[in-house]
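Visitor: Can you read through this structure? Questions will come right after.
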């Protein structure tokens, strides 16, 4: 091979590696909503004294994940009410924040504050476990879109200018609001089950409603987009009793399938043309093939299982389906037929719910954030193996699913946002 050709090939390989390592993480669970990053070289171990590239104090708590676009990190939080469980304050002081940070240093570039639309749900019960900023924002690299329950959806430019505000319903629930917005073409799509019992699509440029589909009952689940052969795309959402396949541009119902016959929190997981939905106090998981028409319960259901996750979203890789349920039990199932591969209970501190964050995968490792027991690194494969358990010395709660960017992890607690890596 000639030297010039070898140099060009080497250059492309280096560039490709850099692009993969620096890929944006623009929404909940990353670019494809599957929790998987192609980045290499992510750390296995770290501590407060080693491996922290930067640490930025946040204006208040939140269970939302950080997202990234280019040289910026975006995250939400809340303050003014229920920050200190022993001194709640007044609900009328509740406000949400959208922050933009410099990706390289963690420096806050701008912060926007949104007053809550009252009456908001009172603090307590399950709402107290995750608070008032639980929906992860989404970005298209031009603007950031944040969902704050009955306070609505806000769009800000990446310079921090408010572009629009849209109301998607005034309902509240004693479990709070949690579904994250996703972007499809020129639409922002929000599961406003709590607020109006509907799936709502808003125009990205104006915030005007493009379509609304009712029937979203008892669902805190983030929808998913499924890419099918021929360039066709479907929007899939999991609600109580059923799974719906819709046309993203119009909201037209394409198919329906029997789902979890209880409330639904985990997002829809996708691998190829199969979607996986799970939830329920009596755990249940359904795998269904997208692309059907009408009621596809009998024709497109791939398998069902009485194992399931009540809060965290499953992750699919190498023919295996993983999750860490809220009680701290790791489950691994065959993605092909739902048969159990292993179950392992983690030793975690605290009582009650121990895990709300979903798994993410990079560099052949699964990262599992727990509420009070640190971040666990687990091996991918058919045998359970805990590779490391990492503690940052932050005694506040870690509810947020991590983001992966530039070969680094972004971890968020109720106090701080951390950048972990080289």
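The values are calculated or read from the model by the stated rules, or taken from the named source; none is laboratory data. This structure is a prediction, so every number in the text was calculated from the model and none was measured. Note: ideal-geometry Cβ built from the backbone for every residue, glycine included; neighbour counts use all protein chains shown.
Visitor: Please tell me if residue 176 is surrounded by 19 or more Cβ atoms within 10 Å (Cβ to Cβ), touching a helix residue (DSSP H, G or I) at 6+ places or on another chain (Cβ under 8 Å) and either at pLDDT below 95 or within 19 Å of residue 123 (Cα to Cα) (or both).
Guide: Yes.
Visitor: Only one of these is within 23 Å of residue 285 (Cα to Cα) and touching a helix residue (DSSP H, G or I) at 6+ places or on another chain (Cβ under 9 Å): 239, 226, 168. Name it.
Guide: That would be 239, the only listed residue that is within 23 Å of residue 285 (Cα to Cα) and touching a helix residue (DSSP H, G or I) at 6+ places or on another chain (Cβ under 9 Å).
Visitor: Does residue 125 satisfy being at pLDDT below 95, over 20 Å from residue 204 (Cα atoms) and assigned to a loop (DSSP other than H, G, I, E, B)?
Guide: yes
Visitor: Here is a list of conditions, (1) without any contact (Cβ under 8 Å) to a residue 60 or more places away in the chain; (2) more than 26 Å from residue 326 (Cα to Cα); (3) buried (at least 21 other Cβ atoms within 10 Å of the Cβ), and residue 101 meets all of them except one; can you say which number that is?
Guide: The single condition residue 101 does not satisfy is (1).
Visitor: Let me ask something else about it. Going through the range 310-324 one residue at a time, which ones are more than 16 Å from residue 367 (Cβ to Cβ), in contact with a strand residue (DSSP E or B) (Cβ under 8 Å, 6 or more places away or on another chain), part of a loop (DSSP other than H, G, I, E, B) and in contact (Cβ under 8 Å) with a residue 24 or more places away in the chain?
Guide: The one that is more than 16 Å from residue 367 (Cβ to Cβ), in contact with a strand residue (DSSP E or B) (Cβ under 8 Å, 6 or more places away or on another chain), part of a loop (DSSP other than H, G, I, E, B) and in contact (Cβ under 8 Å) with a residue 24 or more places away in the chain: 310.
Visitor: Is it fair to say residue 162 is more than 22 Å from the chain's Cα centre (by Cα), crowded, with 19+ Cβ neighbours inside 10 Å and either over 23 Å from residue 398 (Cβ atoms) or modelled with pLDDT of 95 or more (or both)?
Guide: Spelling it out, it is not the case that residue 162 is more than 22 Å from the chain's Cα centre (by Cα), crowded, with 19+ Cβ neighbours inside 10 Å and either over 23 Å from residue 398 (Cβ atoms) or modelled with pLDDT of 95 or more (or both).
Visitor: Report yes if some residue within the range 392-400 is in contact with a strand residue (DSSP E or B) (Cβ under 9 Å, 6 or more places away or on another chain), touching a residue at least 60 places away in the same chain (Cβ under 8 Å) and on the phi > 0 side of the Ramachandran plot; otherwise report no.
Guide: No - not one qualifying residue is present in the range 392-400.
Visitor: Being touching a residue at least 40 places away in the same chain (Cβ under 8 Å), out of contact with any helix residue (DSSP H, G or I) (no Cβ under 8 Å at 6 or more places or on another chain) and part of a loop (DSSP other than H, G, I, E, B): is that true of residue 65 here?
Guide: It is true that residue 65 is touching a residue at least 40 places away in the same chain (Cβ under 8 Å), out of contact with any helix residue (DSSP H, G or I) (no Cβ under 8 Å at 6 or more places or on another chain) and part of a loop (DSSP other than H, G, I, E, B).
Visitor: Which residues, counting only those in the range 114-127, are farther than 15 Å from residue 194 by Cβ and exposed (fewer than 14 other Cβ atoms within 10 Å of the Cβ)?
Guide: Passing the criteria: 115, 118, 124.
Visitor: Tell me which residues, restricted to the range 367-383, are closer than 19 Å to residue 269 by Cα and crowded, with 22+ Cβ neighbours inside 10 Å.
Guide: Once the filter is applied, which keeps residues that are closer than 19 Å to residue 269 by Cα and crowded, with 22+ Cβ neighbours inside 10 Å, the range 367-383 yields 367, 368, 369.
Visitor: Quick check on residue 33: is it in contact with a strand residue (DSSP E or B) (Cβ under 8 Å, 6 or more places away or on another chain), modelled with pLDDT under 95 and either under 18 Å from residue 407 (Cβ atoms) or buried (at least 17 other Cβ atoms within 10 Å of the Cβ) (or both)?
Guide: The answer is no for residue 33.
Visitor: Do we have residue 388 as in contact (Cβ under 8 Å) with a residue 40 or more places away in the chain and assigned to a strand (DSSP E or B) here?
Guide: Spelling it out, residue 388 is indeed in contact (Cβ under 8 Å) with a residue 40 or more places away in the chain and assigned to a strand (DSSP E or B).
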